[in-house]
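Structure first, then comments.
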Amino acid sequence: MLQEQYDDLSRLCDRKPELLNSEEALIALEHLVYEEVGAKSSNPGCVNQSKMFVLRERLSEFKKIHKNMNLKSRCDMDAISNVLECAETLNAYLNCKAKNQVSHEIVKIDTRILREVSMLFLRAHSKNLSENISVEKFEAGGATSLKEKNKQKRKKQRRKRTKDVGKPTT
(Lines give C-alpha, C1' and ligand atoms only; values in the text may rest on other atoms or scores of the structure.)
Protein backbone atom coordinates (compact mmCIF):
# COMPACT_ATOMS: atom_id res chain seq x y z
CA MET A 1 0.00 0.00 0.00
CA LEU A 2 2.71 2.47 0.98
CA GLN A 3 4.85 1.43 -1.98
CA GLU A 4 1.96 2.16 -4.37
CA GLN A 5 1.49 5.59 -2.84
CA TYR A 6 5.21 6.26 -3.02
CA ASP A 7 5.30 5.20 -6.68
CA ASP A 8 2.29 7.39 -7.45
CA LEU A 9 3.89 10.38 -5.74
CA SER A 10 7.13 9.74 -7.55
CA ARG A 11 5.37 9.70 -10.94
CA LEU A 12 3.53 12.92 -10.11
CA CYS A 13 6.71 14.63 -8.98
CA ASP A 14 8.47 13.49 -12.16
CA ARG A 15 5.63 14.79 -14.36
CA LYS A 16 5.34 18.21 -12.71
CA PRO A 17 8.70 19.65 -13.95
CA GLU A 18 7.81 18.60 -17.50
CA LEU A 19 4.53 20.48 -17.25
CA LEU A 20 6.20 23.51 -15.70
CA ASN A 21 8.70 23.56 -18.57
CA SER A 22 5.84 23.30 -21.06
CA GLU A 23 4.05 26.17 -19.40
CA GLU A 24 7.24 28.24 -19.46
CA ALA A 25 7.72 27.40 -23.14
CA LEU A 26 4.19 28.54 -23.96
CA ILE A 27 4.79 31.83 -22.16
CA ALA A 28 8.05 32.27 -24.08
CA LEU A 29 6.13 31.66 -27.32
CA GLU A 30 3.64 34.34 -26.40
CA HIS A 31 6.49 36.78 -25.84
CA LEU A 32 8.16 35.79 -29.11
CA VAL A 33 4.99 36.42 -31.08
CA TYR A 34 4.25 39.69 -29.27
CA GLU A 35 7.83 40.88 -29.86
CA GLU A 36 7.42 40.15 -33.57
CA VAL A 37 4.12 42.03 -33.67
CA GLY A 38 5.73 44.90 -31.75
CA ALA A 39 8.69 45.00 -34.15
CA LYS A 40 6.35 45.17 -37.13
CA SER A 41 4.31 47.99 -35.64
CA SER A 42 7.38 50.04 -34.61
CA ASN A 43 9.27 49.51 -37.88
CA PRO A 44 7.04 49.81 -40.93
CA GLY A 45 9.91 48.76 -43.18
CA CYS A 46 10.16 45.40 -41.42
CA VAL A 47 9.31 42.36 -43.49
CA ASN A 48 5.66 41.52 -42.96
CA GLN A 49 5.93 38.18 -41.19
CA SER A 50 2.92 36.36 -39.87
CA LYS A 51 2.83 34.91 -36.39
CA MET A 52 2.66 31.46 -37.92
CA PHE A 53 5.81 32.16 -39.93
CA VAL A 54 7.66 33.22 -36.76
CA LEU A 55 6.66 30.00 -35.03
CA ARG A 56 7.58 27.84 -38.04
CA GLU A 57 11.01 29.49 -38.24
CA ARG A 58 11.61 28.86 -34.55
CA LEU A 59 10.50 25.24 -34.94
CA SER A 60 12.87 24.74 -37.85
CA GLU A 61 15.74 26.16 -35.72
CA PHE A 62 14.94 23.59 -33.06
CA LYS A 63 14.74 20.76 -35.58
CA LYS A 64 18.26 21.58 -36.78
CA ILE A 65 19.67 21.00 -33.29
CA HIS A 66 17.17 18.28 -32.31
CA LYS A 67 19.79 15.69 -31.32
CA ASN A 68 21.72 18.02 -29.02
CA MET A 69 18.73 19.56 -27.22
CA ASN A 70 18.30 19.84 -23.51
CA LEU A 71 14.95 19.23 -21.79
CA LYS A 72 13.89 22.88 -21.88
CA SER A 73 14.59 23.15 -25.62
CA ARG A 74 12.64 19.95 -26.25
CA CYS A 75 9.73 21.38 -24.28
CA ASP A 76 9.96 24.61 -26.29
CA MET A 77 9.95 22.62 -29.52
CA ASP A 78 7.00 20.49 -28.38
CA ALA A 79 5.08 23.59 -27.34
CA ILE A 80 5.66 25.23 -30.74
CA SER A 81 4.59 22.02 -32.50
CA ASN A 82 1.44 21.84 -30.37
CA VAL A 83 0.60 25.48 -31.00
CA LEU A 84 1.10 25.06 -34.75
CA GLU A 85 -1.07 21.93 -34.75
CA CYS A 86 -3.78 23.81 -32.87
CA ALA A 87 -3.51 26.69 -35.31
CA GLU A 88 -3.96 24.38 -38.26
CA THR A 89 -6.94 22.55 -36.80
CA LEU A 90 -8.66 25.31 -34.86
CA ASN A 91 -7.34 28.33 -36.71
CA ALA A 92 -6.57 30.02 -33.43
CA TYR A 93 -2.95 29.09 -32.69
CA LEU A 94 -2.09 30.87 -29.43
CA ASN A 95 -5.55 30.69 -27.93
CA CYS A 96 -5.94 26.94 -28.41
CA LYS A 97 -6.18 26.08 -24.71
CA ALA A 98 -2.65 24.64 -24.62
CA LYS A 99 -1.60 27.01 -21.86
CA ASN A 100 -4.78 26.42 -19.87
CA GLN A 101 -4.49 22.66 -20.24
CA VAL A 102 -0.93 22.66 -18.95
CA SER A 103 -1.84 24.91 -16.03
CA HIS A 104 -4.81 22.69 -15.24
CA GLU A 105 -2.59 19.60 -15.27
CA ILE A 106 -0.12 21.28 -12.91
CA VAL A 107 -2.93 22.13 -10.48
CA LYS A 108 -4.24 18.56 -10.65
CA ILE A 109 -0.79 17.17 -9.93
CA ASP A 110 -0.26 19.57 -7.02
CA THR A 111 -3.64 18.56 -5.60
CA ARG A 112 -2.86 14.86 -5.86
CA ILE A 113 0.59 15.34 -4.31
CA LEU A 114 -0.90 17.26 -1.40
CA ARG A 115 -3.64 14.65 -0.93
CA GLU A 116 -1.17 11.75 -0.99
CA VAL A 117 1.25 13.44 1.40
CA SER A 118 -1.62 14.36 3.73
CA MET A 119 -2.88 10.78 3.72
CA LEU A 120 0.59 9.45 4.47
CA PHE A 121 0.91 11.92 7.34
CA LEU A 122 -2.52 11.05 8.71
CA ARG A 123 -1.79 7.32 8.53
CA ALA A 124 1.53 7.76 10.32
CA HIS A 125 -0.08 10.00 12.92
CA SER A 126 -3.01 7.62 13.55
CA LYS A 127 -0.61 4.66 13.77
CA ASN A 128 1.46 6.56 16.31
CA LEU A 129 -1.68 7.43 18.30
CA SER A 130 -2.96 3.86 18.25
CA GLU A 131 0.44 2.58 19.42
CA ASN A 132 0.45 5.11 22.26
CA ILE A 133 -3.08 4.11 23.27
CA SER A 134 -2.12 0.43 23.17
CA VAL A 135 0.91 1.08 25.37
CA GLU A 136 -1.20 3.09 27.82
CA LYS A 137 -3.84 0.35 27.98
CA PHE A 138 -1.17 -2.29 28.45
CA GLU A 139 0.49 -0.29 31.21
CA ALA A 140 -2.87 0.45 32.83
CA GLY A 141 -3.82 -3.22 32.54
CA GLY A 142 -0.52 -4.24 34.07
CA ALA A 143 -0.98 -1.80 36.95
CA THR A 144 -4.52 -3.07 37.56
CA SER A 145 -3.28 -6.65 37.44
CA LEU A 146 -0.51 -5.83 39.93
CA LYS A 147 -3.00 -4.13 42.27
CA GLU A 148 -5.28 -7.16 42.03
CA LYS A 149 -2.41 -9.53 42.90
CA ASN A 150 -1.42 -7.40 45.90
CA LYS A 151 -5.05 -7.34 47.06
CA GLN A 152 -5.28 -11.15 46.79
CA LYS A 153 -2.00 -11.51 48.66
CA ARG A 154 -3.25 -9.31 51.53
CA LYS A 155 -6.50 -11.29 51.75
CA LYS A 156 -4.53 -14.53 52.07
CA GLN A 157 -2.33 -12.98 54.76
CA ARG A 158 -5.43 -11.83 56.72
CA ARG A 159 -7.02 -15.27 56.49
CA LYS A 160 -3.81 -16.86 57.67
CA ARG A 161 -3.60 -14.45 60.62
CA THR A 162 -7.20 -15.08 61.60
CA LYS A 163 -6.58 -18.85 61.44
CA ASP A 164 -3.39 -18.43 63.49
CA VAL A 165 -5.22 -16.38 66.14
CA GLY A 166 -7.88 -19.05 66.65
CA LYS A 167 -5.31 -21.91 67.06
CA PRO A 168 -4.21 -22.92 70.53
CA THR A 169 -0.55 -22.43 71.25
CA THR A 170 1.41 -25.48 72.33
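How much of C13 can a 1.4 Å solvent probe reach, expressed as accessible area in Å² and rounded to 10? Estimated to the nearest 10 Å², C13 gives 70 Å².
Computed from label points 7 Å out along Cα-Cβ, the spacing between F53 and T162 is 11.6 nm.
Relative to the current alpha-carbon distance between V107 and H31, full extension at 0.36 nm per residue lengthens the span by 25.0 nm.
For the range 103-118, the residues whose backbone nitrogen is under 19 Å from a point 7 Å from the Cα of Y6, taken along Cα to Cβ, are 113-118.
In this structure, the residue pairs whose Cα-Cα separation is over 20 Å, taken from K16/K99; K51/K108; K16/K64, are K51/K108; K16/K64. Among the protein heavy atoms, those of M119 account for about 80 Å² of accessible surface (1.4 Å probe, every chain in place). M69 sits among other residues whose Cβ lies under 12 Å from its own Cβ, and their net charge, with Lys and Arg +1 and Asp and Glu -1, is +2. Taking 7 Å steps out from each Cα toward its Cβ at Q152 and M69 produces label points 8.0 nm apart.
The values are calculated or read from the model by the stated rules, or taken from the named source; none is laboratory data. In this text the structure is predicted, and so the values were computed from the model without any measurement. Using ideal geometry, Cβ is built from the backbone for each residue, glycine included, and neighbour counts are taken over all protein chains shown. Note: areas computed on protein heavy atoms with side chains; ligands, DNA, RNA excluded. Shrake-Rupley method; radii C 1.70, N 1.55, O 1.52, S 1.80 Å.
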